């Protein structure tokens, strides 16, 4: 493709010269020595076809090897093949399009091969194949549509792709609307943001929920103002607390003092709904550790609420802000329990969980480690304690230690894969050396 681009550039630069009177006169005088534009184009097409034939063979070879790697579960081999596939895709992008759709009933290996093609294309400019991708999106198999959507979500042609996805959304099955919204949010741009804004104001709470999930998935910070409007209407925000909290965790940079005021107001309005109130207070505790006197007074008032869970969540927020009396009030009962029975693994685990909540990660590691020791000594190790230590190390940026504890945990492969979705382990997931611990299917 680099050769093609150079030829096209030569033709583009030659255009004005060929069109000038002097050039025309020269051409007429020397027609036998200078190639015409048509001949140059024909030569370009011939060279393109020749190179495509070469890359077609290379592509076929690497795709067959990828399929074999899936069949024999060879993650290391697959990692090497990804590099080869990327090189072919870089030179001959259009040749990969037919391989995006594995068909109606693909084998696991065929489906994996198609996902790898989508993965390769998603990392490249795909403006030249936008039309083909949209065709698969509207008429391909279920797996083909998902793969096309994955590539379109990273398109360098948002002016064409965003309107097409918006139009596709209106006729899509409900089960596919979330993925389409996520793609629209990922593409971004004015039209995408306007559309997602309209969905946020839709009377259908299911669509609003899907929109919030999409915005969180893509980390669209520009939607913050519209979402803040939801917080001012508790009746509308209450059913969406889980999604609202997920959005702000995905976009922590948008959380400021004004937003904390709104979140605090929502938590106060949810005093009789402890599940939702605790989620809001947990977000506040994580995202805002320097409280002004007004917000501290409101937190202390919530800490006196009749619902114990709301009390504790408020005290955690205060403790994370450096309030020693709140920290002591939380830890005293756990300290007393351990003093009464220092051989209780559950007592150490519960104090570890509290230390984790108030961001005392080193203390939490000590407590979790003691809970692990006691559990192993009795022959009843609890996976939660190993995972707890791993989370603490991940929070401290000690990824090697986190990996070691996950490897040591008595946990199934499916549970490990589930942990890959935990935001605490996001940095590990992004690092080739550490992501392997999660035993993901595509690794």
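When the residues of the stretch 302-311 are narrowed to those that are in contact (Cβ under 8 Å) with a residue 24 or more places away in the chain and within 18 Å of residue 283 (Cα to Cα), which ends up surrounded by the fewest Cβ atoms within 10 Å (Cβ to Cβ)? Step by step, filter the stretch 302-311, then rank; the result is 309. Against the test of being modelled with pLDDT of 90 or more, surrounded by 17 or more Cβ atoms within 10 Å (Cβ to Cβ) and in contact with a helix residue (DSSP H, G or I) (Cβ under 6 Å, 6 or more places away or on another chain), the options 216, 223 yield a single qualifying residue, 216. Of all residues in the stretch 262-273, those being part of a helix (DSSP H, G or I) and buried (at least 19 other Cβ atoms within 10 Å of the Cβ) number 4. Just one of 198, 176, 160, 115 is in a helix (DSSP H, G or I) and in contact (Cβ under 8 Å) with a residue 60 or more places away in the chain; which is it? Being in a helix (DSSP H, G or I) and in contact (Cβ under 8 Å) with a residue 60 or more places away in the chain holds for just one of 198, 176, 160, 115, which is 115.
Checked against (1) touching a residue at least 40 places away in the same chain (Cβ under 8 Å); (2) under 25 Å from residue 231 (Cβ atoms); (3) more than 31 Å from the chain's Cα centre (by Cα), residue 285 meets all criteria but (3). On the given criteria, is residue 167 touching a helix residue (DSSP H, G or I) at 6+ places or on another chain (Cβ under 6 Å) and part of a helix (DSSP H, G or I)? When the stated conditions are applied, residue 167 does not pass them. For the stretch 323-336, taking the residues that are in contact (Cβ under 8 Å) with a residue 12 or more places away in the chain and assigned to a helix (DSSP H, G or I), the one that is nearest to residue 292 (Cα to Cα) is identified as 326. So residue 297 passes all but one of these: (1) more than 36 Å from the chain's Cα centre (by Cα); (2) part of a helix (DSSP H, G or I); (3) at pLDDT 95 or above. Which condition number does it fail? Only one criterion in (1) more than 36 Å from the chain's Cα centre (by Cα); (2) part of a helix (DSSP H, G or I); (3) at pLDDT 95 or above is unmet by residue 297, namely (3). Against the list (1) modelled with pLDDT under 90; (2) crowded, with 20+ Cβ neighbours inside 10 Å, the condition residue 247 fails is (1). In this structure, does residue 324 turn out to be modelled with pLDDT under 95 and under 32 Å from the mean Cα position of the chain (by Cα)? So residue 324 fails the test.
The values are calculated or read from the model by the stated rules, or taken from the named source; none is laboratory data. All figures in this text were calculated on a predicted structure; none of them were measured in a lab. Don't worry about glycine lacking a Cβ; one is built from the backbone with ideal geometry, like all the others, and counts go over all protein chains shown.
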